Amino acid sequence: MKKIVALGIMSLFLMTSFALCINAMSNAYELKEMVTSDQDETYLITKSTRGSPPLPPVMWTEDFNTFYIPTPQNPDGDDVFYLIDWGDGTSSGWIGPYEPGETAFISHVWEDVGTYEIKVKAKDQDGESKCTTFSSIFTSETKFFGVKIGYMYITYKFTISWKDSNCYIMIDWGDGSPIEWLGPYNQPMLFSHKWSKSGIYVLKLRFKDIYGNISDWLYYTVKILNLDNNAPDKPIVNGPTGLKTRTQYNFTANAIDPDGDNISYFFDWGDGTNSGWTEFVPSGISVNRSHSWLIKRCYTVSVKAKDTYGAESSWGTLKVRVPKYQKNCQIIQQSINLLFPQIWRALVNHFPFLKQLFY
């Protein structure tokens, strides 16, 4: 019987060793094949690695109805989707995909005169781009479309339409570029410009008709960011969490900006009110704001940070509670504090082993 058992064990050992040997040979063969393939230039090109998200989108219009977003916006050659917030309460949603070299055509009409801020983002399989903000201005005298918040070294097109045809136009880009009368032009006209330094620029426009009549300056502010500018980190929110109605409580927000830029904070109190943007303070410096609530319920205090270039963080949150039966809750808590020692002593007297476990 012992011989049979020993023979079985020996057979199992030999079978296991044979399987391990075959597996090792297979792995060695696969490794050899992998090394050989890794030396193949085609394999290196198609090797799967995470790329970069798209660049911030560029958009322009020729007639204030149809808007164009040219590609490639993606250094990796991936298909791109776009999201457009038209500034009037409507959005395009994510549209696409668009192939490299393809231009997106999107139509939109605003019903009323006024100024609308249009925010545009792009995304691909590697993530979302930074947001570019454009402005569309409609008055009885002029129409204007151009970038409001853009980035260095990217060329932006500005569309200008004015009341009279055959006008000259003078544009001061605010960065020291030469200023002169251009034209005469029929309207609308497209002008292109790019900035090589980050900052806030005041763009100035004035018109002159063929009779020499010159308009007043029109002013337009453009904020140009460094493409490498990083948004502040998510704020840390501190404050009391158990509250009473109609009582002011202080809350503190603190965030770090990776670039060391100054930071402004926005407190949303969760009851339909907010603090608005605070003054700018150095990175890492806390800001305090106070608030009181009228209705007894649970609220979420949400705080967002933005730097001096307009880059915004994600929301930091703190849940607070204004209980409906606060006095009753206090009485119950006091009762628990008084009764628990008595209950514990009774349990220990009845079950002596508990004393050994906890002492």
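Annotation for T300 and K163: the two label points, set 7 Å from Cα along the Cα-Cβ direction, are 5.0 nm apart.
Looking at this model, which pairs from K197/K223; K194/K306; K244/K304 are more than 21 angstrom apart at the alpha-carbon? Don't skip to the answer; put the middle values down first.
Working: K197/K223 10 Å; K194/K306 24 Å; K244/K304 25 Å.
Pairs exceeding 21 Å: K194/K306; K244/K304.
Model label sites at V202 and S290, defined 7 Å from Cα along the beta-carbon direction, differ in position by 3.8 nm. Estimated at 0.36 nm per residue, the fully extended path between H350 and E99 surpasses their Cα-Cα distance by 82.6 nm. In the stretch 60-225, Cα pairs under 8 Å separated by at least six residues give a relative contact order of 17 percent. FRET efficiency for the N213 to E117 pair, using the beta carbon distance and R₀ = 25 Å, is estimated at 0.20. Annotation for E180 and E62: the two label points, set 7 Å from Cα along the Cα-Cβ direction, are 2.7 nm apart.
Largest first and in whole Å, what are the equivalent-ellipsoid semi-axes of the stretch 236-321 based on the Cα gyration tensor, each being the root of 5 times an eigenvalue?
Values: eigenvalues 124, 24, 21 Å².
For the stretch 236-321, the semi-axes come out at 25, 11, 10 Å.
Annotation for the stretch 69-111 versus the stretch 152-185: alpha-carbon center distance of 26 Å.
Annotation: peptides 139-152, 283-296, 112-125, ranked by per-residue average of other Cβ atoms within 10 Å with the highest first, follow the order 139-152, 112-125, 283-296. Close amide H contacts of S314 (hydrogens built in the peptide plane, cut-off under 5 Å, sequence separation of 5 or more or a different chain): K234.
In angstrom, the C-alpha Rg and Dmax of the stretch 60-225 are 16.7, 56.
Placing unit charges on the Cβ atoms only, positive for Lys and Arg and negative for Asp and Glu, gives the stretch 60-225 a dipole magnitude near 620 debye about its Cα centre. Summing +1 for each Lys or Arg and -1 for each Asp or Glu among the other residues whose beta-carbon sits under 12 angstrom from that of V58 gives +2. With the highest mean first, a sort of the peptides 162-173, 204-215 on other beta-carbon atoms found within 10 angstrom per residue produces 162-173, 204-215. Counting 0.36 nm for each residue step from E312 to E279 and taking away their Cα separation leaves a gain of 10.4 nm. Once the chain from D79 to D228 is taken as fully extended at 0.36 nm per residue, the excess over their C-alpha distance is 51.4 nm. Between the beta carbons of K319 and D259, assuming R0 = 22 Å, the FRET efficiency works out to 0.10 to the nearest 0.05.
Since every read-out is calculated from the coordinates, none of them should be taken as a lab result. Being a predicted model, the structure only gives us computed values, none of them experimental. Positions of Cβ are backbone-derived with ideal geometry, glycine not excepted, and every protein chain shown enters the neighbour counts.
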